[in-house]
Amino acid sequence: MYLITNRNLCHEKRYMNVIKESILSGIENIIIREKDLDNDSLVKLYTKIKETLEKIKQKDKSKRYNVNLIINSNLDVFEKTNADGIHLTLSLFKKLVNNKFKFNKDKILGLSLHSIKEIFYVEEIIKKYDIKIDYIILSHIYETKCKEGLQPKGIDLLKEARKITNLKIVALGGILPENIHKIEKYCDDFAVMSTIMKSKDVFTTINSYLREYKYSK
């Protein structure tokens with residue numbers, strides 16, 4: 001399960017509690033997506049999240065908190081922090097490929113895609129340049145306020161993607177515990193932003209997702 005962060009969806013004082021509670025509740029990947037922050041502020045935020053994760057690990061050594069911290073789109077911050085991975089838009093990925101950027105295969109690389117045509121393009125790039133892509137996020141599947149007014153792609157995008165790629169497919173957009181069973185056959189994981197960031201009880205929210213996902217599996 002992926003958490004995509006957004007400080008604008010919760011009170012400033014609540015933000016780090018949401019992160020902490022998400023880690024304690026079983027989130028495996030956190031994509032730090034704070035586009036409005038400058039590089040220094042984003043580095044500080046990453047450091048704060050990393051320190052929170054380390055404190056949790058030290059406090060409870062009986063559990064394994066294997067949480068990947070992934071920087072969204074900011075290559076400079078990714079390199080400065082030595083984060084676990086980077087998540088890119090397709091346009092930024094294309095630019096890096098064209099500039100012959102050397103992707104580190106020891107780091108997680110994820111992409112945001114929105115169509116079958118884009119998946120075909122990425123598959124060609126993988127074959128041509130031997131680039132390791134760890135997952136693709138396909139969105140948005142259902143209606144969501146984050147993409148208000150935009151037509152959702154629907155489950156068909158996941159269905160068709162499953163037929164043409166072996167890449168790890170992560171579904172995003174309007175994913176709720178009550179519709180998990182509709183997508184689980186066509187994706188390997190799912191991502192959530194607003195439902196968690198706005199939650200007053202993160203443990204219950206995440207548990208309801210994981211319970212339904214495991215049940216539907």
Filter result for K20 (under 16 Å from the mean Cα position of the chain (by Cα) and surrounded by fewer than 20 Cβ atoms within 10 Å (Cβ to Cβ)): no
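I need the full set of residues from segment 194-215 which are buried (at least 18 other Cβ atoms within 10 Å of the Cβ) and β-branched (V, I, T), in order please.
Scanning segment 194-215 gives T195, I196, V202, T205, I206.
If a residue has to be touching a strand residue (DSSP E or B) at 6+ places or on another chain (Cβ under 6 Å) and surrounded by 22 or more Cβ atoms within 10 Å (Cβ to Cβ) to count, how many in segment 171-189 make the cut?
The number of residues fulfilling the criteria is 4.
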Candidate set from segment 1-17 (those that are touching a strand residue (DSSP E or B) at 6+ places or on another chain (Cβ under 8 Å) and in a loop (DSSP other than H, G, I, E, B)); member that is surrounded by the most Cβ atoms within 10 Å (Cβ to Cβ): T5
Scan segment 56-72 residue by residue and report those that are crowded, with 16+ Cβ neighbours inside 10 Å and of a type in the set (S, T, N, Q). N68, N72
Under 7 Å between Cβ atoms, at least 6 apart or on separate chains: pull out the pairs that start in segment 6-20 with a residue that is in contact (Cβ under 8 Å) with a residue 40 or more places away in the chain and end on any residue that is of a type in the set (S, T, N, Q). L9/S194
Can you give me the ranges of the strands (runs of 3 or more DSSP E) entirely in segment 43-125 with at least 2 residues that are over 21 Å from R7 (Cβ atoms), of a type outside the set (S, T, N, Q) and in contact with a helix residue (DSSP H, G or I) (Cβ under 9 Å, 6 or more places away or on another chain)? 108-113
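Determine if segment 54-67 includes at least one residue that is more than 15 Å from K20 (Cβ to Cβ) and within 19 Å of the chain's Cα centre (by Cα).
yes
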Any residue at all in segment 210-217 that is of a type in the set (K, R), without any contact (Cβ under 8 Å) to a residue 12 or more places away in the chain, assigned to a helix (DSSP H, G or I) and farther than 12 Å from L3 by Cβ? yes
When you check S25 against the structure, is it surrounded by 15 or more Cβ atoms within 10 Å (Cβ to Cβ), over 18 Å from I133 (Cβ atoms) and of a type in the set (G, A, S), yes or no? yes
The condition from (1) closer than 22 Å to E34 by Cβ; (2) in contact with a strand residue (DSSP E or B) (Cβ under 7 Å, 6 or more places away or on another chain) that L157 misses is numbered (1)
Residue, nearest to K48 (Cα to Cα), within segment 74-112, restricted to residues that are surrounded by fewer than 13 Cβ atoms within 10 Å (Cβ to Cβ) and in contact (Cβ under 8 Å) with a residue 24 or more places away in the chain: D76
Looking at the structure I just gave you, is L53 within 23 Å of D134 (Cβ to Cβ), surrounded by fewer than 20 Cβ atoms within 10 Å (Cβ to Cβ) and out of contact with any Pro (no Cβ under 7 Å at 6 or more places or on another chain)? yes
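Values in this text are rule-based calculations from the coordinates and carry no lab data. Here the structure is a predicted model, which means the values were calculated and not measured. Every residue, glycine among them, receives a Cβ derived from its backbone with ideal geometry; neighbour counts consider all protein chains shown.
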